[in-house]
1. Taking Cα pairs under 8 Å and at least six residues apart, what relative contact order does region 43-153 come out at, in percent?
2. Report the trypsin sites (Lys or Arg not before Pro) located in region 74-123 that are in a DSSP loop and have at most 12 other Cβ atoms inside 10 Å of their Cβ, or state none.
3. In nm, give the distance between the simple-model label positions of ASN82 and ASN21, each being 7 Å from the Cα along the Cα-to-Cβ direction.
Amino acid sequence: MKDGKVQQYDTVENLLRNPANEFVKNFIGSDRLWNVPEYIKAKDIMIKDPISVKKSRTVIQGMEIMRTNKVDSLLIIDKDENFLGIVTIKELRRNGIQNHYLSEIMDNKPVFVYDDNNLVEILEVMNREGIGHVPVVTRYNKLVGLITRSSLLSVLSEQFLEMEVSILD
């Protein structure tokens with residue numbers, strides 16, 4: 001409420017995520033969302049447009065794409081961007097180039113999270129499965145991102161740096 005007028009009437013999550021104006025943002029505090037990890041979603045912290053390839057690519061093409069992009073895994077999709085699986089450098093080394101297509105060696109039951117899963121759920125999945133990265137898909141199985149340990153660290157450290165700067169101001 002400002003000058004006797006309600007500025008925003010909303011759910012707690014919406015107030016934190018989408019303050020109606022600068023007054024609400026300042027009143028709530030721009031860092032408040034980070035104090036409630038249940039409200040931080042995969043879509044807020046994921047790497048958008050991760051390196052993905054069609055299942056029809058050959059193993060040799062996959063190796064070249066990994067080398068060029070400096071990644072150790074490829075997310076496999078179909079022509080409609082549906083997430084199908086993952087191929088890691090370990091699988092490429094183990095299987096060699098005798099297999100012609102990535103679809104023949106991919107893990108077709110990979111661990112993933114949904115874009116609306118929260119930070120707590122994501123960390124639970126990564127810890128339970130002992131993985132350092134997890135693909136992000138929509139509820140319609142469209143690949144939309146990737147979360148890695150380093151991307152999590154980057155996003156969280158960026159937030160803490162912003163908090164430090166605002167304290168100094």
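Every read-out reported here was derived from the displayed coordinates using simple, explicitly stated rules and does not represent laboratory data. Predicted, not measured: the structure shown is a model, and the values here were computed from it. Ideal geometry is used to build each Cβ from the backbone, glycine not excepted, and the neighbour counts take in all protein chains shown.
1. Numbers: 180 pairs, mean separation 34.8, N = 111.
So the answer I get is 31 percent.
2. On the way: sites: LYS79, LYS90, ARG93, ARG94; in loops: LYS79.
When the trypsin sites (Lys or Arg not before Pro) of region 74-123 are filtered for loop state and at most 12 Cβ neighbours within 10 Å, LYS79 remain.
3. 4.7 nm
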